[in-house]
1. Quick check, is HIS104 more than 14 Å from the ligand (Cβ to nearest atom) and over 13 Å from ALA129 (Cβ atoms)?
2. Failed condition for GLU155, given (1) near the ligand (Cβ under 10 Å from one of its atoms); (2) not in a loop (DSSP other than H, G, I, E, B), with all others met?
3. Residue check: is ILE142 at pLDDT 95 or above and either surrounded by fewer than 11 Cβ atoms within 10 Å (Cβ to Cβ) or within 27 Å of ASP41 (Cβ to Cβ) (or both)?
4. Scan region 3-33 residue by residue and report those that are away from the ligand (no atom under 16 Å from the Cβ) and either open to solvent by 70 Å² or more (accessible area, probe 1.4 Å) or farther than 17 Å from LEU92 by Cα (or both).
5. Which of the residues spanning region 95-139 are open to solvent by 50 Å² or more (accessible area, probe 1.4 Å) and charged (D, E, K, R)?
Amino acid sequence: MHKKLDMKSTTRTVSPHKQVALVAHDHCKSELLRWVKEHRDALAHHQLFATGTTGNILSRETGLSITSLMSGPMGGDQQLGAMICEKKIDVLVFFWDPLSAVPHDPDVKALLRIAAVWNIPVAINRASANYLITSPMMTHEIDIEVPDYDKYLSERL
Ligand SMILES: O=C(CO)COP(=O)(O)O
């Protein structure tokens with residue numbers, strides 16, 4: 001068994017206006033598009049980000065304003081992971097494909113890992129995305145627990 005990192009936590013306040021990342025693998029894009037269309041009004045209250053192909057399709061088909069990063073296999077998952085570390089993403093909706101392999105599987109795993117590290121809520125399918133988007137937390141200021149990075153660093157120096 002590995003020794004658990006002794007990480008203290010602190011609080012991060014998340015605004016009612018969330019920074020939401022939308023991502024789908026190719027076979028799941030039509031499902032994410034259907035979900036985004038159903039929740040268009042709720043999503044329009046938030047600031048939306050997406051990986052390259054997903055974001056372009058979603059904004060073209062819904063008219064929503066979405067900041068599109070690089071396409072996933074070209075680094076988009078890693079860009080989102082970096083944004084999570086920088087507290088620039090509050091919610092991740094990632095319809096990843098459980099039935100097909102992707103070339104950038106390590107990046108997918110890294111994105112899901114860093115979302116867990118920074119205590120970001122993640123929806124991986126329609127059911128979990130429905131729970132997330134209808135939660136009162138989506139439209140209220142909330143406090144979430146996050147790793148106390150400053151303390152972590154000071155103890156290491
Ligand atoms: O591959 C992805 C996530 O792992 C998504 O990338 P695209 O939105 O560019 O298809």
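1. no
2. (1)
3. The answer is yes for ILE142.
4. Passing the criteria: LYS3, LYS4, LEU5, ASP6, MET7, LYS8, SER9, THR10, THR11, THR13, HIS17.
5. Across region 95-139, the qualifying residues are ASP105, LYS109, ARG113, ARG126.
The values are calculated or read from the model by the stated rules, or taken from the named source; none is laboratory data. None of the values given here were measured: they were computed from a predicted structure. Glycine also receives a Cβ, built like all others from the backbone with ideal geometry; neighbour counts cover every protein chain displayed. To get the accessible areas, we keep the full protein, side chains included, count just its heavy atoms, and leave off ligands, DNA and RNA. Shrake-Rupley method; radii C 1.70, N 1.55, O 1.52, S 1.80 Å.
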